[in-house]
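Encoded as structure tokens, the structure appears first; notes follow it.
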Amino acid sequence: MSGLTIFEGNVCPLVRDDVDTDQIIPARFLKATTKEGIGEGLFADWAKEPGFPTRDPRFAGAPILLVGRNFGCGSSREHAAWALAQCGFRVVIGRSFADIFRQNALKNGILPLPLGDADHEAVVAFTANDASAKLTVDLPGGRLSFGDRSVGFSVESFAKQCLVEGVDELGYILSRIALVHAWEAQFEV
């Protein structure tokens, strides 16, 4: 996965509350043991709705998904984060996230960005009538900017470091393997 630092992108609006992981990636798509092709199942049941945002060409390639409250609730399936990442989403902005989904997202290179009600409403209003509206996410600086507004946010430091470096926990350890070996060497007899 690539690092997430500062980027500008348009928004795919799916402002619904209580979106559970079975709606994000229905159970029938969980037969795979790899991430390969998992994105094809993203919102598969809802995608049949006319004008569903992830199938709307106006939002094709949008790296930011705008959701409501309690996104990713339900079961703890990591496949939900896999499907979002495979479809190119790097940031999910919402009012709140289920804890397990938040952790799975962070481990898969996606920034779950919770906003307070007023800030969330401002993002919804800013993007509502303009599919080309862009937001700027500055992860190192902890700022979300849109129009003439800028909103601060925080991310736990280790998760932020992994997102910026574009690694998961194992990738982080492997990138520092020389330090691990040097530490181990102190105890060799």
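Each value in this text was obtained by applying a stated rule to the coordinates, not by laboratory testing. The shown structure was predicted, so the numbers you read here are calculated from the model rather than taken from an experiment. Here the Cβ is made from the backbone with ideal geometry for all residues, glycine too, and neighbour counts use every protein chain on show.
Brief remarks on what is shown
- Taking every DSSP bridge with both residues inside the chain, close to 50 percent are antiparallel.
- The range 6-185: C-alpha gyration tensor shape, a/c 1.5 cut-off, then a/b vs b/c: oblate
- Subtracting the Cα-Cα distance of Lys31 and Asp17 from their residue separation scaled by 0.36 nm leaves 2.3 nm.
- Placing R0 at 45 angstrom, the Cβ-Cβ distance between Asp138 and Val189 gives a FRET efficiency of 0.35 after rounding to 0.05.
- Dipole moment magnitude, nearest 20 debye, the range 6-185 about Cα centre, only Lys, Arg, Asp, Glu C-beta charged: 220
- Sites excluded, GluC sites (Glu not before Pro) in DSSP loops with at most 16 other C-beta within 10 Å, longest stretch of the chain: 37-155
- Set of aspartates and glutamates with alpha-carbon distance to Lys160 below 17 Å, sequence-local pairs under 8 removed: Asp99, Asp138, Asp168, Glu169
- Modelled FRET efficiency - R0 41 Å, Ile173 with Asp99, Cβ distances, 0.05 increments: 0.95
- Cleavage-rule hits (trypsin sites (Lys or Arg not before Pro)) in the range 128-181: DSSP loop, at most 14 neighbouring Cβ within 10 angstrom: Arg176
- Relative contact order computed over the chain (Cα-Cα under 8 Å; 6+ residues apart), in percent: 26
- When each of Ile6, Ile64, Ile177, Ile38 is scored by the number of other beta-carbon atoms lying within 10 Å, the sequence from fewest to most is Ile177, Ile6, Ile38, Ile64.
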